[in-house]
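First up is the structure itself, then whatever we jot down about it.
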Amino acid sequence: MTNDPIVHTGDGAVRGNATGSCISFFGIPYAAPPTGARRFRPPMPATPWQGIRDGRTDNHSRCVQTHGLPGWLERPLDTPRWRTLHSEDCLFLNVQSPKLTGSTLHPVVVSIHGGSYLWGSGSDRDAAPLCNASIVYVSFNYRLGVLAALGLPELLNESGTTANLALQDQRLAMSWVQRHIRAFGGDPTRVTLSGESSGAMAVAAHLASARSSSLFGQAIFMSGNDDSMSLEEAYQAGNQFAALAGCGSPPATGSRLPCLRALDVWELVNNQSAVYNGSMRAIQVPVADGYELERGTRLADMFATGRVAGARKPLLAGSNVDDISLFLGWTTPELVRELEGRPMETTASFERAVARLLPHASPSEHQELISLYDPSKYFGGDARRALYALGTDGYYACPTRRILKGVSSAMLGVNGVNDVKGVSSTMLSDAVNSQLKGVSSAMLSDATATATTAATATAASSASTTTSTPTTTTPAPAATPFPSI
């Protein structure tokens, strides 16, 4: 123990572990516990501690969550052991550094984990390759599911914001990095924000936000999109959940927050799947609550019109073939067909799925998509792969191209991605929560990975991008289009 490294931060001292390629510090609190009266409120800075905090082992609590399985499989897996590993008091971060001393500060990667805003933690990555490349790696937990996404008018009245707690936790962790990372050998002016899946969606939101733009210099975005949610949608989900939890329905709302805050946290999370689930709709951030996103505004439109605070930051972005496949194939009929050795999707079921997933598209648009994604084009008639291609293009590949186009246009003064024409802007938007803006048939039919760069975003020591360093944990005053509150 006497040889273990100790770092002194503004909040207190922490003891680390010098085993392997990294000098690791686990479980550093970046926010006060979001429990009791703080449940459903924006995060507050961590309380400084006395003495030396033990950060040698990665044994701190993950945020309360389910296993990420269909509801009929969840209950048997909710064990005492699972509950021991997870807690509502979970806002911790990890720092893994190649070196603590010396005249040279190292570039920093801040990672936002994925998991549909329902699952995951900051402890799911091996940082050794980054430490070997002289990069400081920061990962962290943030609130998930209903504990982050509950949207109610009472919460907006109470805090001036609602349903955006995941983003706000992330921003507070990013602010912590700006204040403290020098003590761990990191350079706060060379921070790359990185995320995959819902983590990538968060990266897109932070790119657009004037409240976040000073906290990182460049970004990496993998398998995300530019979707957002209206305040009305957030309220609809929140009202539904509050009623299901037995805490009342409008107009009798006066006692809902005390009721929801008094419930056991596992009762909340284990009953969230009826509203907050893998469909992503009820837990998509940012929510246009007037604080994180101007009311009536969509994130996709901000990228399309260049109203993006971080539009000139270097960005590396991409998606994978069949990205959407993780979210398909879990219904009982699909599983029965699979167990019986029958195809999970047929041409007929694919055509029904297009109509079901796109209720606001016209019959002619349905037919255009069915023709464009004709199952006969996929491995001799694999309707499931056709559905994968449609979902992946709509939810990941096309939004990624839109983001790259918006960012590269701002950087270069021209369209960095060719103008695209063709399919109606209403098509696919309901099924995949993307606001498609005229995507060409060639783009949609391409089911290969999208990995286009707006500008090279190297997290390694080659690139140096300057950012301003905030002096407090309070978000900077909002700039247009964000109202001051």
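The values are calculated or read from the model by the stated rules, or taken from the named source; none is laboratory data. Every value quoted in this text rests on a predicted model; they were computed, and no experiment measured them. Counting neighbours? That spans all protein chains shown, and the Cβs are built from the backbone with ideal geometry, glycine included.
In this structure, is L100 of a type outside the set (D, E, K, R), under 30 Å from C247 (Cα atoms), in contact (Cβ under 8 Å) with a residue 12 or more places away in the chain and not in a helix (DSSP H, G or I)?
Against the criterion (of a type outside the set (D, E, K, R), under 30 Å from C247 (Cα atoms), in contact (Cβ under 8 Å) with a residue 12 or more places away in the chain and not in a helix (DSSP H, G or I)), L100 does not qualify.
Looking at this structure, is G406 modelled with pLDDT under 90, under 16 Å from I324 (Cα atoms), in a helix (DSSP H, G or I) and within 27 Å of the chain's Cα centre (by Cα)?
Criteria not met by G406.
I'd like to check something: does region 243-251 contain any residue that is out of contact with any helix residue (DSSP H, G or I) (no Cβ under 8 Å at 6 or more places or on another chain), outside the structural domain of G406 (by TED's automatic domain parsing), surrounded by fewer than 16 Cβ atoms within 10 Å (Cβ to Cβ) and not in a loop (DSSP other than H, G, I, E, B)?
Yes.
What's the total number of residues in region 103-115 that are modelled with pLDDT under 95 and either in contact with a Phe, Trp or Tyr (Cβ under 8 Å, 6 or more places away or on another chain) or not in a loop (DSSP other than H, G, I, E, B) (or both)?
0
From the residues in region 10-30 that are of a type in the set (V, I, T) and surrounded by 22 or more Cβ atoms within 10 Å (Cβ to Cβ), which one is nearest to T47 (Cα to Cα)?
Within region 10-30, the match that is nearest to T47 (Cα to Cα) is I28.
Would you tally the residues in region 220-236 being surrounded by fewer than 24 Cβ atoms within 10 Å (Cβ to Cβ) and touching a Lys or Arg at 6+ places or on another chain (Cβ under 9 Å)?
Of the residues in region 220-236, 4 are surrounded by fewer than 24 Cβ atoms within 10 Å (Cβ to Cβ) and touching a Lys or Arg at 6+ places or on another chain (Cβ under 9 Å).
For region 185-222, give me each residue that is at pLDDT 95 or above and at positive phi.
G185
Which condition number does G20 fail, the rest of (1) touching a His at 6+ places or on another chain (Cβ under 8 Å); (2) under 22 Å from P129 (Cα atoms) being met?
If we test G20 against (1) touching a His at 6+ places or on another chain (Cβ under 8 Å); (2) under 22 Å from P129 (Cα atoms), just (1) comes out false.
Scan region 109-121 residue by residue and report those that are in contact with a Gly (Cβ under 8 Å, 6 or more places away or on another chain) and over 17 Å from F221 (Cβ atoms).
Those that are in contact with a Gly (Cβ under 8 Å, 6 or more places away or on another chain) and over 17 Å from F221 (Cβ atoms): L118, W119.
Could you figure out which of (1) of a type in the set (A, V, I, L, M); (2) in a loop (DSSP other than H, G, I, E, B); (3) closer than 17 Å to G391 by Cα isn't true of A311?
With respect to (1) of a type in the set (A, V, I, L, M); (2) in a loop (DSSP other than H, G, I, E, B); (3) closer than 17 Å to G391 by Cα, A311 is out only on (3).
Which residues, counting only those in region 178-231, are of a type in the set (K, R) and closer than 30 Å to G16 by Cα?
The answer is R179, R182, R190.
When you go through (1) part of a helix (DSSP H, G or I); (2) farther than 17 Å from A202 by Cα; (3) in contact with a Phe, Trp or Tyr (Cβ under 7 Å, 6 or more places away or on another chain); (4) not aromatic (F, W, Y) one by one for L326, which number turns out not to apply?
Failing condition for L326: (3).
In region 254-301, which residue that is touching an Asp or Glu at 6+ places or on another chain (Cβ under 6 Å) and under 28 Å from S209 (Cβ atoms) is modelled with the lowest pLDDT?
Q284
Going by the conditions given, is S273 over 24 Å from A397 (Cβ atoms), touching a residue at least 40 places away in the same chain (Cβ under 8 Å) and among the hydroxyl-bearing types (S, T, Y)?
So S273 fits the description; yes.
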